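All remarks here apply to the structure that follows.
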Amino acid sequence: TWYPFQIAFILLNLPGITKLDHPDRSEEQTAIADLLFFPTGGGKTEAYLGLSAYTIALRRLQGTVAGRSGENGVAVLMRYTLRLLTIQQFQRATALICACESIRREALEKSDKRWGETPFRIGLWVGRRTTPNKTEDAAEAIKQLRSNPYAGVGSPGVGSPYQLTACPWCGSAIEPGRDLDARLFPNDVGRTLTYCGDKLGKCLFSKRQAPDEGLPVVVVDEEIYRRLPSLLIATVDKFAQMPWKGEVQMLFGMVNSYCERHGFRSPEIEDSQSHPKTRGGLPAAKTVEHTPLRPPDLIIQDELHLISGPLGTLVGLYETAIDRLCTWDVGGKKVRPKVIASTATIKSADVQVHKLFLRTVNIFPPHGLDVQDNFFSLQRE
């Protein structure tokens with residue numbers, strides 16, 4: 001079920017996401033950043049998750065625009081300031097992506113390819129202390145978890161691929177020793193898989209029903225660059241990687257080829273042009289050239305009030321680069337991403353949004369005449 005303010009907020013933003021030439025996404029400083037201002041626990045997350053689902057689905061329906069594929073690539077960048085909050089929201093957003101993926105699979109079974117053949121996935125892109133940077137690190141963490149379920153979780157400097165303790169789709173417990181599997185590069189697909197722990201295999205994301213995918217989550221940095229999940233959840237500090245790690249450009253659609261076994265490539269990725277078939281039954285794979293992908297269409301900044309002071313200054317600098325990397329040409333016109341922020345406590349929002357995003361703020365719900373009643377919410381004694 002939805003609250004009226006959530007539906008109103010989604011409807012309000014549909015034109016800005018759908019129309020690439022919408023004023024919200026123009027190069028002018030009058031481009032709008034929508035700020036969702038609602039009390040804590042009121043349901044802000046669901047409002048922008050609904051909008052995220054619309055965005056990732058719409059890209060698939062729009063197909064190739066201006067020579068750039070909408071089926072692959074990151075569609076939504078969702079950013080938080082605190083790592084613990086990021087993990088908590090990741091679990092909620094994964095349930096949404098599972099729902100999207102179940103719709104896509106159902107359609108494919110009926111030979112309906114409108115939602116594409118690439119799975120909808122969610123990525124968690126945070127620091128090395130929380131999630132592994134490489135598939136090898138993930139394999140090592142899984143090995144430790146098998147011998148000792150408490151190892152690797154909270155160990156200093158070592159991230160763990162064990163980020164979901166229960167299946168977001170059916171609620172079955174996920175045991176790290178049993179339900180995690182790392183398939184190493186280059187002889188395997190180079191993926192760390194998390195399966196639903198459903199022993200009967202009735203869940204859509206169990207090992208029995210999805211042996212090569214499991215839950216649609218990507219938590220290892222190396223794999224995020226190659227598989228490019230539709231929804232990427234990150235912490236703002238992670239974007240400090242941009243000048244040092246060339247692979248980060250792939251999150252913004254800058255790819256030049258595609259390996260049939262390991263996913264997308266850019267000049268920084270080391271991979272051979274072909275791979276022989278393996279003993280495990282994988283067919284031979286080759287790398288084919290690929291045009292750049294569509295950059296993210298939607299940027300969501302949660303807890304906007306936390307991005308102030310020195311952190312705000314630094315985030316603002318990176319924001320200039322992110323905005324530029326997300327901007328692309330369609331029919332001779334520059335298209336910027338749609339920006340949405342949310343907060344429960346803020347003052348001088350117009351100044352903060354202008355300094356951070358170089359846009360004009362639109363606060364929703366509007367304050368109205370009575371502080372205790374803005375139509376969407378009523379203050380009770």
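The values are calculated or read from the model by the stated rules, or taken from the named source; none is laboratory data. Please read all numbers here as calculations on a predicted model, not as lab measurements. With ideal geometry, Cβ positions are generated from the backbone for all residues, glycine too; neighbour counts draw on all protein chains shown. The protein model used for the area step is the full one, side chains on, heavy atoms only, and it has no ligands, DNA or RNA in it. Shrake-Rupley method; radii C 1.70, N 1.55, O 1.52, S 1.80 Å.
Relative to the 2.2 N^0.38 Å rule of thumb, region 328-381 has a C-alpha radius of gyration ratio of 1.59. For the residue pairs LYS44/LYS238; LYS143/LYS199; LYS245/LYS277, the alpha carbons lie more than 26 Å apart in LYS245/LYS277.
Toward the positive end of the charge dipole of region 225-340, with +1 on the Cβ of Lys and Arg and -1 on the Cβ of Asp and Glu, the farthest Cα among PHE264, GLY246, PRO296 is that of PHE264. Summing Lys and Arg as +1 and Asp and Glu as -1 over all other residues whose Cβ lies under 13 Å from the Cβ of GLY116 gives a net charge of +4. In terms of packing, defined here as the mean over residues of other Cβ atoms within 10 angstrom, the peptides 185-191, 135-141 line up highest first as 135-141, 185-191. Take THR360: with every protein chain present and a 1.4 Å probe, its accessible area is about 60 Å².
Projection of the Cα convex hull of region 229-367, averaged over all directions and equal to a quarter of that hull's surface, yields 11.6 nm². A quarter of the convex hull surface defined by the alpha-carbon atoms of region 180-234 gives 4.1 nm² as the mean projection. Annotation: the antiparallel percentage among DSSP beta bridges lying fully within the chain is about 40. Can you compute log10 of I(q)/I(0) for region 70-178 with the Debye formula, treating each Cα as one identical point scatterer, at q = 0.13, 0.23 Å⁻¹? For region 70-178 at q = 0.13, 0.23 Å⁻¹, log10 I(q)/I(0) is -0.60, -1.29. Evaluated with a Cβ-only charge set (Lys, Arg +1; Asp, Glu -1), the chain carries a dipole of roughly 660 debye about its Cα centre, given to the nearest 20.
For region 2-88, averaging the sequence separation of C-alpha pairs within contact (under 8 Å, six or more residues apart) and dividing by the residue count gives a relative contact order of 22 percent.
Against the empirical curve 2.2 N^0.38 Å, the C-alpha radius of gyration of region 176-267 lands at a ratio of 1.21. Computed over the chain, the Cα gyration tensor eigenvalues convert (square root of 5λ each) into semi-axes of 34, 24, 21 Å, ordered from largest to smallest. Phi-derived couplings, Karplus 6.51 cos²θ - 1.76 cosθ + 1.60 at θ = phi - 60°, listed residue by residue for region 3-19: 7, x, 5, 5, 5, 4, 5, 5, 4, 4, 9, 4, x, x, 8, 6, 8 Hz, with x used for Gly and Pro. Surface composition of region 1-140: carbon and sulfur atoms hold 54% of the protein heavy-atom accessible area at a 1.4 Å probe. Among TYR48, TYR318, the sequence by solvent-accessible area, most first, with a 1.4 Å probe is TYR318, TYR48. Computed from backbone phi with θ = phi - 60° and the Karplus coefficients 6.51, -1.76 and 1.60, the 3J(HN,Hα) list for region 58-64 is 4, 4, 5, 5, 6, x, 8 Hz; x is used for glycine and proline.
As a length-normalised measure over Cα pairs under 8 Å and 6 or more apart, the relative contact order of the chain settles at 24 percent.
Select from SER160, SER257, SER52 the residue whose mean-square fluctuation is largest in a Gaussian network model of the chain (Cα-Cα springs shorter than 10 Å). Looking only at SER160, SER257, SER52, the biggest GNM fluctuation is shown by SER257. Taking 4.7 Å between C-beta atoms as the pairing limit, the chain has these partnerless cysteines: CYS98, CYS100, CYS259, CYS326. Distances between placed amide hydrogens fall under 5 Å for ALA33 paired with THR360, VAL361, ASN362, all partners being 5 or more residues away or on another chain. A simple charge model with +1 on the Cβ of Lys and Arg, -1 on the Cβ of Asp and Glu and nothing else charged puts the dipole of region 194-257 at about 260 debye relative to its Cα centre. Could you run the Debye sum over the Cα atoms of region 100-149, one equal point scatterer each and no solvent, and tell me log10 of I(q)/I(0) at q = 0.20 Å⁻¹, two decimals? Taking Cα atoms of region 100-149 as identical point scatterers yields -0.73.
For region 1-125, the square roots a ≥ b ≥ c of the C-alpha gyration tensor eigenvalues yield an a/c of 1.5 or more together with a/b not exceeding b/c, which makes the shape oblate. Each Cα pair under 8 Å and six or more residues apart adds its separation to the average, and for region 154-233 the resulting relative contact order is 21 percent.
Computed about its Cα centre, the charge dipole of region 136-280 is approximately 520 debye, with only Lys, Arg, Asp and Glu carrying charge at their Cβ. Given a 1.4 Å probe and the protein chains as shown, VAL255 ends up with an accessible area of around 10 Å². Which one, LEU204, GLY214, ILE224, is farthest towards the positive end of the dipole of region 182-226 when Lys and Arg carry +1 and Asp and Glu -1 on their Cβ? Projecting each Cα onto the dipole axis, the largest value belongs to LEU204.
Take the alpha carbon atoms of region 48-117, find their center, do the same for region 244-317, and report the distance between the two centers in whole angstrom. Value for the Cα centre distance between the two parts: 16 Å.
Given region 273-349, report the % of alpha carbon pairs whose separation exceeds 18 Å. So the portion of pairs separated by more than 18 Å is 62 percent.
Per residue, the chain exposes an accessible area of 47 Å² to a 1.4 Å probe, with every protein chain left in place.
For ASN256, the residues whose modelled amide H falls within less than 5 Å of its own, excluding neighbours fewer than 5 places apart on the same chain, are ARG265, SER266.
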